[in-house]
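Take a look at the structure set out below.
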Amino acid sequence: MVKKSIVWTQTAAKQRRKILNYWNERNRSTTYSKKLVFLIRRRLSTLCEFPESGKKSDFTNTRVTSIGHYSIFYQIRQDKLIITAFWDTRQDPKELYVYLLDPE
């Protein structure tokens, strides 16, 4: 089995960056953000090996996996995982629909 590569959509990368910047400013430190980046990488590494381990979502061809208060929405393609959203689950879910119905 070929290990899949990871591709972040511009939207998902922007969401991740916004969340990391929030924690950097709030804590006046990058410690928590670095921990979160580590957890994201570890989860994505697992998904590359077992792409169907995430739950099917209500969105067409989209799966979801979680890391604490965060959800990673992704699609499986032949040789890659496409990350379509990185979502803080404490936000208004109505906004998530906009991102997932039209990721770019």
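Of note:
- Considering the conditions (1) of a type outside the set (Asp, Glu); (2) surrounded by fewer than 18 Cβ atoms within 10 Å (Cβ to Cβ); (3) part of a helix (DSSP H, G or I); (4) touching a residue at least 24 places away in the same chain (Cβ under 8 Å), Arg17 is excluded by exactly one of them, (4).
- Hits in the range 47-63 (condition: over 14 Å from the mean Cα position of the chain (by Cα), of a type in the set (Val, Ile, Thr) and at pLDDT 90 or above): none
- Matching residues, the range 42-81, being of a type in the set (Ser, Thr, Tyr) and in contact (Cβ under 8 Å) with a residue 12 or more places away in the chain: Ser53, Ser57, Thr62, Thr65, Ser66, Tyr70, Ser71, Tyr74
- Of all residues in the range 11-64 being β-branched (Val, Ile, Thr) and touching a helix residue (DSSP H, G or I) at 6+ places or on another chain (Cβ under 6 Å), the one that is farthest from Trp87 (Cα to Cα): Thr30
The values are calculated or read from the model by the stated rules, or taken from the named source; none is laboratory data. What you see is a predicted model, and the numbers here were worked out from it, not measured in a lab. So basically every Cβ, Gly included, is an ideal-geometry build from the backbone, and we count neighbours across all protein chains shown.
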